[in-house]
Amino acid sequence: MNIPQSSNPRIVIIGGGFAGIALAKKLRNQNVQVVLLDKHNYHNFQPLLYQVATGGLEAGSIAYPIRKIFQNTPDFYFRLTSVKEIDTVNQKVMAEIGDLHYDYLVIATGSKTNYFGNKEIERNVMSMKTIPQSLNIRSLILENFEQAVLTKDEADKNALINFVLVGAGPTGVELAGALAEMKRAILQKDYPDLDIDKMGINLIQSGDRVLNTMSEKSSAAAEKFLLNLGVKIWKNVRVTNYDGRTITTNSDLTFETATVIWTAGVQGAAIHGLDAKSLVERVERIRVNQYNQVVGYDNIFAIVDIASIESETFPQGHPMMAQPAMQQGALLGENLIKLLNKKTLKPFEYNDKGSMATIGRNLAVVDLPHYHFNGVFAWFVWMFVHLFSLIGFKNRAVVFLNWVYNYIRFDREGRLIVRPFKKRSFTTFTSDEF
């Protein structure tokens, strides 16, 4: 990897998400060599991926170059690569671009979409964990409408403009709301030769309420907002299969659709090489102690999405969200310095600052530790928090101006198919139909 030798201990961080970036920032100007590995050369702000997918924002406005974050940071190195395996005996990280020795290793690989073992669902649905995936969804949405205006078959046309989102957590709810706003304010103007009223937005939830990790008050308010926007909500329904055209469920309910977006769950993005006893199998998270130290290892750590600090409050680990990620990353940075200086480590205690979700224009729900509210004020709070959580002044300015423009004009300027995406599984169309 062409990393120079250093007299300082080498700390290798795998992953440039919220946790990895927070950790690396804490290690600035310390007597350590930091090597950050990631398969992308940018940090992306995942909470706003749905706006990229629905044309509200361009990808560049929610991404920031990792190298720029750490410009002029001494003894810091970034390498663009995917890590394949960890050799814990020889203390090596084995990546696509070569091997690298570590003194201390931090696994911050984050999470990946959980398809619960169903390979056909995995093959045919869309997921939204990265910027490329969001751009694929945006292209597919627009391509569906372009195909719909050409086909003469009503069943095919209806399937093309029928959208199904599986999973009613924050991502599913926010994406459903964004699609509903596109239907109301944009698509009917862009496609006057289509009956946009026939566009379906279906939100499927296996549980008995949407946003089931938030308060019941916020859940009820979010459901009301979605229904008013025209979203159909199907609760206590579990998707059993999707062949690229038809969704089957655990009931008699079926859906004909060309687009299924899977937001039903996540699991840790584990890396090969750790002792099997260190893994929580069902969610693929790594067991760590209260200092984020991987069980069975002295010099290997894992944080947040990939880590599981098991407790009575969080039996399967802390929520896979930005706040615990940044908190664990920052604390581990402090603890690594304490460890090198042979000082007592500080255990992690999650400071729950609350959670929130936006459903649409002037519609959001916010849960604070002792207070819950929704509506216009909640929407402004959501915007303020997300705006100032972005890295870089330019990104904040661009996002703010986009939001102002979209609010005033009832528009989404990012309706561009800049990277065409074709679903191979939806094959009912033949060339002579167009």
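The values are calculated or read from the model by the stated rules, or taken from the named source; none is laboratory data. None of these values were measured; they are calculated from a predicted model. When we count neighbours, we look across all protein chains shown, and the Cβ atoms used for this are built from the backbone with ideal geometry, even at glycine. Quick note on the areas: whole protein, heavy atoms, side chains included, nothing else; ligands and nucleic acids left out. Shrake-Rupley method; radii C 1.70, N 1.55, O 1.52, S 1.80 Å.
Any residue in the stretch 293-306 that's at positive phi: show its pairings with residues that are assigned to a helix (DSSP H, G or I) and buried (at least 17 other Cβ atoms within 10 Å of the Cβ) at Cβ separation under 8 Å, as long as the two are six or more apart or on different chains.
Filtered contacts from the stretch 293-306: GLY296/SER278; VAL304/PHE18; VAL304/ALA19; VAL304/PRO324; VAL304/ALA325; VAL304/GLN328; VAL304/GLY329.
Let's see how each residue does on (1) surrounded by fewer than 23 Cβ atoms within 10 Å (Cβ to Cβ); (2) among the basic types (Lys, Arg); (3) not in a loop (DSSP other than H, G, I, E, B):
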{"position": "ARG287", "(1), (2), (3)": "yes, yes, yes"}
{"position": "GLN290", "(1), (2), (3)": "yes, no, no"}
{"position": "GLY296", "(1), (2), (3)": "yes, no, no"}
{"position": "PRO315", "(1), (2), (3)": "yes, no, no"}
{"position": "MET326", "(1), (2), (3)": "yes, no, yes"}
{"position": "LEU331", "(1), (2), (3)": "yes, no, yes"}
{"position": "LYS342", "(1), (2), (3)": "yes, yes, no"}
{"position": "LYS346", "(1), (2), (3)": "yes, yes, no"}
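Just checking, which of ILE107, ILE137 is more than 28 Å from LYS422 (Cβ to Cβ) and within 19 Å of the chain's Cα centre (by Cα)? It would help to see each step written out before you state the result.
Details: ILE137 fails: more than 28 Å from LYS422 (Cβ to Cβ).
From the options ILE107, ILE137, the qualifying one is ILE107.
Name the residues in the stretch 216-238 that are aromatic (Phe, Trp, Tyr) and either open to solvent by 100 Å² or more (accessible area, probe 1.4 Å) or part of a strand (DSSP E or B) (or both), would you? Spell out the reasoning first.
First, pick out the residues of the stretch 216-238 that are aromatic (Phe, Trp, Tyr): 225, 234.
Answer for the stretch 216-238, where residues must be aromatic (Phe, Trp, Tyr) and either open to solvent by 100 Å² or more (accessible area, probe 1.4 Å) or part of a strand (DSSP E or B) (or both): just TRP234.
Would you be able to say whether some residue in the stretch 211-221 is more than 30 Å from ILE286 (Cα to Cα), charged (D, E, K, R) and modelled with pLDDT under 95? Steps first, please.
Initial filter on the stretch 211-221 (more than 30 Å from ILE286 (Cα to Cα)): 216-221.
So of that shortlist, the ones also charged (D, E, K, R) come out as 216-217.
From what is left, the residues that are modelled with pLDDT under 95 are none.
Looking for residues that are more than 30 Å from ILE286 (Cα to Cα), charged (D, E, K, R) and modelled with pLDDT under 95, one finds none in the stretch 211-221, hence no.
Of the conditions (1) at pLDDT 95 or above; (2) touching a His at 6+ places or on another chain (Cβ under 8 Å), VAL304 clears all except one; give me its number.
Unmet for VAL304, out of (1) at pLDDT 95 or above; (2) touching a His at 6+ places or on another chain (Cβ under 8 Å): (1).
Please work out if THR257 is open to solvent by less than 20 Å² (accessible area, probe 1.4 Å), in contact with a Phe, Trp or Tyr (Cβ under 8 Å, 6 or more places away or on another chain) and among the β-branched types (Val, Ile, Thr). Give the derivation first.
Details: open to solvent by less than 20 Å² (accessible area, probe 1.4 Å): yes; in contact with a Phe, Trp or Tyr (Cβ under 8 Å, 6 or more places away or on another chain): yes; among the β-branched types (Val, Ile, Thr): yes.
Against the criterion (open to solvent by less than 20 Å² (accessible area, probe 1.4 Å), in contact with a Phe, Trp or Tyr (Cβ under 8 Å, 6 or more places away or on another chain) and among the β-branched types (Val, Ile, Thr)), THR257 qualifies.
Output the residues belonging to the stretch 107-123 that are in contact with a helix residue (DSSP H, G or I) (Cβ under 6 Å, 6 or more places away or on another chain) and over 16 Å from LYS39 (Cβ atoms).
Within the stretch 107-123, the subset in contact with a helix residue (DSSP H, G or I) (Cβ under 6 Å, 6 or more places away or on another chain) is 107-111, 115.
Of everything in the stretch 107-123, just one residue is in contact with a helix residue (DSSP H, G or I) (Cβ under 6 Å, 6 or more places away or on another chain) and over 16 Å from LYS39 (Cβ atoms), namely TYR115.
If the requirement is being over 30 Å from GLY55 (Cα atoms) and among the aliphatic types (A, V, I, L, M), which of these qualifies: LEU401, LEU336? So that I can check it myself, show each step before the final result.
Values: LEU401 fails: over 30 Å from GLY55 (Cα atoms).
On inspection, the qualifying residue turns out to be LEU336.
What strands (runs of 3 or more DSSP E), lying completely within the stretch 108-213, carry at least 3 residues that are surrounded by 18 or more Cβ atoms within 10 Å (Cβ to Cβ), touching a residue at least 40 places away in the same chain (Cβ under 8 Å) and hydrophobic (A, V, I, L, M, F, W, C)? So that I can check it myself, show each step before the final result.
Working: elements: 111-113, 162-166, 200-205.
Qualifying strands (runs of 3 or more DSSP E): 162-166.
Name the residues in the stretch 55-84 that are polar (S, T, N, Q), surrounded by fewer than 22 Cβ atoms within 10 Å (Cβ to Cβ) and in contact with a helix residue (DSSP H, G or I) (Cβ under 9 Å, 6 or more places away or on another chain), would you?
Kept after step one, since they are polar (S, T, N, Q), are these residues of the stretch 55-84: 61, 71-73, 81-82.
Next, only the ones that are surrounded by fewer than 22 Cβ atoms within 10 Å (Cβ to Cβ) stay: 71-73, 81-82.
Listed by number, the list holds a single entry, THR73.
Considering each residue of the stretch 124-182, count those that are touching a helix residue (DSSP H, G or I) at 6+ places or on another chain (Cβ under 6 Å) and among the charged types (D, E, K, R), and give that number.
Residues in the stretch 124-182 being touching a helix residue (DSSP H, G or I) at 6+ places or on another chain (Cβ under 6 Å) and among the charged types (D, E, K, R): 3 in total.
How many residues are modelled with pLDDT of 75 or more, open to solvent by 20 Å² or more (accessible area, probe 1.4 Å), out of contact with any helix residue (DSSP H, G or I) (no Cβ under 8 Å at 6 or more places or on another chain) and outside any strand (DSSP E or B) if we restrict to the stretch 266-282?
Of the residues in that region, 4 qualify.
Using the structure shown, decide if VAL52 is assigned to a strand (DSSP E or B), in contact with a helix residue (DSSP H, G or I) (Cβ under 9 Å, 6 or more places away or on another chain) and buried (at least 20 other Cβ atoms within 10 Å of the Cβ).
Numbers: assigned to a strand (DSSP E or B): no; in contact with a helix residue (DSSP H, G or I) (Cβ under 9 Å, 6 or more places away or on another chain): yes; buried (at least 20 other Cβ atoms within 10 Å of the Cβ): yes.
Judged against the criteria, VAL52 is not a match.
SER218 - would you say it is of a type in the set (Ser, Thr, Tyr) and touching an Asp or Glu at 6+ places or on another chain (Cβ under 6 Å)? I'd like the intermediate steps shown before the answer.
Working: of a type in the set (Ser, Thr, Tyr): yes; touching an Asp or Glu at 6+ places or on another chain (Cβ under 6 Å): yes.
It is true that SER218 is of a type in the set (Ser, Thr, Tyr) and touching an Asp or Glu at 6+ places or on another chain (Cβ under 6 Å).
Yes/no per residue for (1) closer than 14 Å to LEU57 by Cα; (2) aromatic (Phe, Trp, Tyr); (3) at pLDDT below 90:
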residue: PHE373; (1), (2), (3): no, yes, no
residue: TRP379; (1), (2), (3): no, yes, no
residue: LEU390; (1), (2), (3): yes, no, no
residue: VAL398; (1), (2), (3): yes, no, no
residue: LEU401; (1), (2), (3): yes, no, no
residue: ARG412; (1), (2), (3): yes, no, yes
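Within the stretch 13-32, does at least one residue satisfy the condition of being β-branched (Val, Ile, Thr) and in contact with a Pro (Cβ under 8 Å, 6 or more places away or on another chain)? Give the steps one after another, and end with the answer.
Just the residues of the stretch 13-32 that are β-branched (Val, Ile, Thr), to begin with: 13-14, 21, 32.
Still in the list and also in contact with a Pro (Cβ under 8 Å, 6 or more places away or on another chain): 32.
Within the stretch 13-32, one or more residues are β-branched (Val, Ile, Thr) and in contact with a Pro (Cβ under 8 Å, 6 or more places away or on another chain).
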